[in-house]
1. What are the residues in the range 113-139 that are polar (S, T, N, Q) and farther than 17 Å from GLU180 by Cβ, if any?
2. Show the residue pairs meeting these rules: Cβ distance below 7 Å; 6+ apart or different chains; first residue within the range 169-183 and outside any strand (DSSP E or B); second residue of a type in the set (Lys, Arg) and surrounded by fewer than 21 Cβ atoms within 10 Å (Cβ to Cβ).
3. How many of the residues making up the range 268-306 are polar (S, T, N, Q), touching a His at 6+ places or on another chain (Cβ under 9 Å) and closer than 20 Å to PRO95 by Cα?
4. All but one of (1) over 23 Å from PRO223 (Cβ atoms); (2) in a loop (DSSP other than H, G, I, E, B) hold for GLY405, so report the exception by its number.
5. I'd like the residue in the range 67-92 that is part of a strand (DSSP E or B) and in contact (Cβ under 8 Å) with a residue 60 or more places away in the chain and, out of all such residues, is farthest from SER201 (Cα to Cα).
6. What pairs can you find where one residue is in the range 124-139 and assigned by TED's automatic domain parsing to the domain that holds PHE179 and of a type in the set (D, E, K, R), the other is modelled with pLDDT of 95 or more and in a loop (DSSP other than H, G, I, E, B), and their Cβ atoms are less than 7 Å apart, with a gap of 6+ or different chains?
7. Yes or no: PHE202 crowded, with 17+ Cβ neighbours inside 10 Å, assigned by TED's automatic domain parsing to the domain that holds GLY60, at negative phi and out of contact with any helix residue (DSSP H, G or I) (no Cβ under 6 Å at 6 or more places or on another chain)?
Amino acid sequence: MWGRALFARRRLSLVVVLLLTLLVPLAARPGSAAAARNQFFPQTGHNITDPFLRFYEQSGGLTLFGLPLTEAFNEGALTIQYFERARLEWHTNYPVGRQIEIGQVGRELAATRVDEAPFRRLAVPTGVGTFFPETGHSLRGGFADYWRANGDLTVFGYPLSEEFAETLPGATPLTVQYFERARLELPTPSRVGLGLLGAQSFRQRAYPLALLAPASALPAPTPRALTIPVLEYHDVGFGVGTYQVTLPAFRAQLDWLQANGYTAVTLTDVYAYMFEGGDLPPKPVVITFDDGRASQWNAVQELNARGMKGVFFILGGGNALSDGQVRQIIAQGHEIESHTMSHPQLSRLSDAQLVYELVRSKQLLEAKYGVPIRYLAYPYGDYDNRVINATIAAGYDGALAAWGGGSWTPQKRWQEPRIIITGFATIGEFAGLVRGATR
């Protein structure tokens, strides 16, 4: 095993033993939350559990991060996990969708080398490649191509050195370049690879070796059904119609929910409860909005005033809500998800058009707003088995219809129901709809 071979001659001191009590892997802690979705890696004997697993799968997996070297463990207020090529960090105080970050292991390892020639900041660009004034270094050639193709700043960060030849332990000289979160290596002229900076950082920090010891495979959670009111809105303003709710009526509905003990949660919360062993408050409700309409900005203000969360299904091809408004919606703790590129009836599209609507909207929204897009709302509530299969293939974790009540089951993961709230509903009728979908 990697850890035992590497550290076979080292022994734990009393100080390290005491430190170990502060670094107990999360899976071993008494009173931990219910088991989340996880994957066991027999090569190193370690698990990756959500939310790290979801980030790992969506951000490059084995290629970019390598195998897990430890279980997730607490370091102070932070939860971290080491991999061969990286360290993942869970910042619970960050906005939802941005809580998992790649640790700056490259910056930590380069901190003692700032006086070496390759690490010295350049006062002016070399004239070759792309110069980054933020760190005073350039990026060019194969390293630049790999950096751009595999996540650029988000994954690797800024360059901290120029390209240079380095002899690593047990290896012949390589061309390398250090970045905030990685070290790119060129073992052959035609193949760029990633250095084992996660392993190197673990050694540098002198963690207890027991963290490397193989663990047992964690049990997978059992999927759960629930009955929950998932409300569907469109326009929230001053008109009355099937898809138009007045602002006074919307305010009254939010006030009724709070007065009757309901807590607004996100789709991430609900799917985590169903498939990952997560928890929900006693009377959860999901408040969703379709189409990215301008009047939904009114709804955002009302939700914020009450400390409530909403889920906004917006279009990849453009919305009446401005980009600035969408960014504020995200920053204020609400969730954005996909409503396709252009709001077509998906069952009527060709296979190529269907893939474009589902895949491209997810890609564009993630690239523009920097948050994962995990869920889809079918425009017009229109879907069939072909659409569901395409939704799964596009990488969505779940999808919602436009009606159907409040019975959510694992079998309906990609066609879960909602309750349309029309402008004609009285507060009594609204209360009846919500209570009818509450258990």
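The values are calculated or read from the model by the stated rules, or taken from the named source; none is laboratory data. Being a predicted model, the structure only gives us computed values, none of them experimental. Because the Cβ atoms are built from the backbone with ideal geometry, glycine has one as well, and the counts that use them run over all protein chains shown.
1. THR126 - this is the single residue of the range 113-139 that is polar (S, T, N, Q) and farther than 17 Å from GLU180 by Cβ.
2. Listed pairs, sorted by first residue: GLU180/ARG107.
3. Residues that pass the stated criteria total 1.
4. Against the list (1) over 23 Å from PRO223 (Cβ atoms); (2) in a loop (DSSP other than H, G, I, E, B), GLY405 comes up short only on (1).
5. PHE73
6. If the second residue must be modelled with pLDDT of 95 or more and in a loop (DSSP other than H, G, I, E, B), the pairs left are GLU134/TYR158.
7. Numbers: crowded, with 17+ Cβ neighbours inside 10 Å: yes; assigned by TED's automatic domain parsing to the domain that holds GLY60: yes; at negative phi: yes; out of contact with any helix residue (DSSP H, G or I) (no Cβ under 6 Å at 6 or more places or on another chain): yes.
Spelling it out, PHE202 is indeed crowded, with 17+ Cβ neighbours inside 10 Å, assigned by TED's automatic domain parsing to the domain that holds GLY60, at negative phi and out of contact with any helix residue (DSSP H, G or I) (no Cβ under 6 Å at 6 or more places or on another chain).
Condition check ((1) outside the structural domain of PHE55 (by TED's automatic domain parsing); (2) modelled with pLDDT under 95; (3) of a type outside the set (A, V, I, L, M)) across all residues:
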residue: GLU232; (1), (2), (3): yes, no, yes
residue: LEU257; (1), (2), (3): yes, no, no
residue: VAL270; (1), (2), (3): yes, no, no
residue: GLY278; (1), (2), (3): yes, yes, yes
residue: PRO284; (1), (2), (3): yes, no, yes
